[in-house]
1. Which of the residues that make up segment 22-56 are hydroxyl-bearing (Ser, Thr, Tyr), at pLDDT below 95 and surrounded by 13 or more Cβ atoms within 10 Å (Cβ to Cβ)?
2. Select from segment 2-21 the residues that are surrounded by 11 or more Cβ atoms within 10 Å (Cβ to Cβ), part of a loop (DSSP other than H, G, I, E, B) and not polar (S, T, N, Q) and list them in ascending order.
3. Collect the residues in segment 85-110 that are closer than 16 Å to Asp6 by Cβ and aromatic (Phe, Trp, Tyr), keeping them in residue-number order.
4. Quick check on Glu55: is it in contact with a Lys or Arg (Cβ under 7 Å, 6 or more places away or on another chain) and not aliphatic (A, V, I, L, M)?
5. Being in contact with an Asp or Glu (Cβ under 7 Å, 6 or more places away or on another chain) and not aromatic (Phe, Trp, Tyr): is that true of Ile12 here?
6. If Met82 satisfies every condition in (1) among the aliphatic types (A, V, I, L, M); (2) modelled with pLDDT under 95; (3) buried (at least 20 other Cβ atoms within 10 Å of the Cβ) but one, which is the exception?
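The values are calculated or read from the model by the stated rules, or taken from the named source; none is laboratory data. These figures come from a predicted structure and were not determined experimentally. With ideal geometry, Cβ positions are generated from the backbone for all residues, glycine too; neighbour counts draw on all protein chains shown.
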Amino acid sequence: MIEDRDGNITIITQEKASVKTLVNSIEQAYHKFKDYHLIINLSSVDKIGLEDIIEFLKISNTHRGDKKSFVVVSDKVDLDEMPDEIVVVPTLHEAYDIIEMEDIERDLGF
């Protein structure tokens, strides 16, 4: 797990371990990330399925409940299969766009 900060955004990149291991690592260190928008970059993971994305659902719901964005980046999933409760986009640029749009919505009271 590689952590990078970009202003009020933390980008967590997974390279080698399984998605389940990554989710456990994030849960253990959540106190470090809770005040930042989170981008989970899975672009370097070869095989991602719906069940892998669903692993992030609990963290996503908690994070979004605290008025922070949570976005998963992967170009290896079928976006039509993804549940509406979690935001999945194919590129890092789109993840930044989602966070910007959600910030605007929060500022407007949505």
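1. Within segment 22-56, Ser25, Tyr30, Ser43 qualify.
2. Glu15, Ala17
3. Tyr96
4. In short, yes.
5. Yes; evaluated as a whole, the condition is true for this residue.
6. Unmet for Met82, out of (1) among the aliphatic types (A, V, I, L, M); (2) modelled with pLDDT under 95; (3) buried (at least 20 other Cβ atoms within 10 Å of the Cβ): (3).
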